[in-house]
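One structure is given below, encoded as structure tokens.
Nothing in this text is a laboratory measurement; each read-out follows from the coordinates by a stated rule. Small disclaimer: the values here were computed from a predicted structure and weren't measured. Cβ sites come from the backbone with ideal geometry, for glycine too, and all protein chains shown count toward neighbours.
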Ligand code: ADP
């Protein structure tokens, strides 16, 4: 059975086609600059990428083009072979505790939740509509970034603010990256050859966006992102946790509106803000090699914030079997992993510096004597989307 996993953004659309249940990736690709001049369509098959520059005015055209290319390139003989579409949807609020088959009620609710994710949910909806038009008879499933964290208890997800903010407006911690955290915890159990429901793991998803998750018995008990993805640890361009009073102070000093200051916390902070150089970890590590003091501060600040969260989650979980590193930086940047783990001596954690040089493949990178295993696990959100799509289609 062929299932396509889709991640639609405001001007982009990523896709991966799988043969299920074998989980064999047939092809992946991305349409970028949708609605702008010179849109880019690229598709990767058997390690080879083909790129086309074409004008793609909207998501419907993007979907039609990618489906046409799947047939042109002989990846499918006909579109009838695609039996399911799985869509990543950022915000499921408290309404969606699991993935769900998409119908009009679901679309209405995802639209209503746009209030909580104004940049993401509308773009996700556009992607869903475009596939509905192109493949009207194929079942579609929504897989939410927030759903995995719906197992958190009130003591974790409530903020210590007037209670009515929650009841009136839904102000609480939701958390994101749930699909990745769940996938990595499942792989951790497989690597440790232990049942997931007997494990306590901390997953560090460190990419351009970054969050940590404390997972007990396969369930998210706490996570570092909050009401929005701005909270938690420092990221490529996001500040992570700060004193919220800074927002008004800077607004007054610089004569900027509150939304402009929040935008700077989202887009101009983190690695980029402290280093003044780049949001990209590779650029920063190059600068660190040259002895650039602000870049050193940027990577050390993030490592400190991550180590502090790990300490808090160790307490919260009542101990920990494994700490997992995933996403662009977590999978590739051995220097970042070292900075973090070197701060965890109090937990009896010992990194094997040799094994830590591994990249992009599942590896145990702690010493045999380490009290907590440290695992490098490449994430795979798309395969989780394909799995959930198949699971829900089979239940229906
Ligand atoms: P997102 O999906 O949140 O946009 P990714 O998970 O793709 O982000 O991570 C992007 C980050 O990963 C960038 O900072 C990039 O520099 C970093 N990264 C990717 N490959 C490497 C590498 N080989 N060494 C260091 N950092 C890397």
Task: The listed residue being more than 24 Å from residue 114 (Cα to Cα), touching a residue at least 12 places away in the same chain (Cβ under 8 Å) and away from the ligand (no atom under 13 Å from the Cβ), out of 294, 253 - done: 294
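If you go through the range 303-320, how many residues are touching a helix residue (DSSP H, G or I) at 6+ places or on another chain (Cβ under 7 Å) and either in contact (Cβ under 8 Å) with a residue 40 or more places away in the chain or within 14 Å of the ligand (Cβ to nearest atom) (or both)? Spell out how you get there, then give the answer.
In the first step, residues of the range 303-320 are kept if they are touching a helix residue (DSSP H, G or I) at 6+ places or on another chain (Cβ under 7 Å); the result is 303, 306-307, 314, 320.
From what is left, the residues that are either in contact (Cβ under 8 Å) with a residue 40 or more places away in the chain or within 14 Å of the ligand (Cβ to nearest atom) (or both) are 303, 306, 314, 320.
Result for the range 303-320: 4.
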Open item on the list: Just the residues that are more than 16 Å from the ligand (Cβ to nearest atom), in contact with a helix residue (DSSP H, G or I) (Cβ under 9 Å, 6 or more places away or on another chain) and in contact (Cβ under 8 Å) with a residue 60 or more places away in the chain, please, taken from the range 227-249.
Closed with: 241
